[in-house]
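Taking it in order: structure first as structure tokens, then the write-up.
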Amino acid sequence: SAGRADRDFVAGALSEWRLIVTALAIVGAPVFVWQGLFNFYELYMQSKGLSDRMAGMMLTIVFAAGVPAFYFGGDLADRFPQVPYLLGIVGAFAASLLVLTTVDSLLALIAVTAIVGFVVHALFPATDTYLLDTLPDSTRASAYAVFSSIWMLTQALGSSAVGLFLERGYTYDAVFSSAALLLGGSIAVLVLLERRDRLPS
């Protein structure tokens, strides 16, 4: 019988706007950055001196790391407090992205690429767990649909933003290190709010 009362799409979404905004505040910027990174990953690796073939292999590693990330990330999402866990994942993504901009050797790039891929893919089951576990039956479908639509829009804009900065002469390392630092700053603010019980959970 879950979800039978969720018949008014707009009213259902509006009634849960605080949770939707909170989720977007936590995971909106990371997926924006991730899509920009993912779509330029091969070119980024080539700018670090890798061959076309090896740069393509790096993209494969990013995705391969997502396989265990979905399993272990989803399992951990059921075990840890949801908001702190999400904040931890985003913080780890920002840190690993920042490290990625500082390394150039093949072994270091392989290792950091695997870490970035694992961490960012762990974000998706954690986000779903947070929302689907927190939203009530009466509004879950509507509120989640609105969140997903806005979240996908923020992802779609990431590549355009990265391309715009590159066209203006910024290097890949400069763009992605700045993004990592901005993510870190946003997480620091959100952690402070979470410690003061200002984030819905």
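The values are calculated or read from the model by the stated rules, or taken from the named source; none is laboratory data. Bear in mind the structure is a predicted one, so any value in this text is a computation, not a measurement. Don't worry about glycine lacking a Cβ; one is built from the backbone with ideal geometry, like all the others, and counts go over all protein chains shown. Accessible surface areas use protein heavy atoms only, side chains included; no ligands, DNA or RNA. Shrake-Rupley method; radii C 1.70, N 1.55, O 1.52, S 1.80 Å.
Annotations for the structure displayed:
- Under 20 Å from a label point set 7 Å out along the Cα-to-Cβ vector of SER160, the amide N atoms of segment 27-67 belong to 28-41.
- Simple Cβ-charge dipole of segment 1-64, Lys/Arg +1 and Asp/Glu -1, about Cα centre, in debye nearest 20: 80 debye
- Between helix 82-100 and the chain: long-axis angle, C-alpha atoms, 0 to 90°, nearest 10: 10 degrees
- Length added when fully stretched, LEU182-ALA114, from 0.36 nm per residue minus Cα-Cα: 22.3 nm
- Seen against the Cα atoms of the chain and their longest principal axis, helix 17-39 is set at about 20 degrees.
- For chymotrypsin sites (Phe, Trp or Tyr not before Pro), the sites in segment 116-201 that DSSP calls loop and that have at most 15 other Cβ atoms within 10 Å are TYR170.
- Percentage of interatomic Cα-Cα distances in the chain larger than 30 Å: 24 percent
- Packing around the peptides 59-65, 105-111, taken as the average count of other Cβ atoms within 10 Å per residue, puts them in this order, highest first: 59-65, 105-111.
- Accessible surface of segment 1-138, 1.4 Å probe: 65 percent of it comes from carbon and sulfur atoms.
- Under the combined filter of DSSP loop state and at most 13 neighbouring Cβ atoms within 10 Å, segment 17-125 retains these trypsin sites (Lys or Arg not before Pro): ARG79.
- Per residue accessible area of the chain, 1.4 Å probe, in Å²: 51 Å²
- Crossing angle, helix 66-77 versus the chain [Cα axis fit, 0-90 degrees, rounded to tens]: 40 degrees
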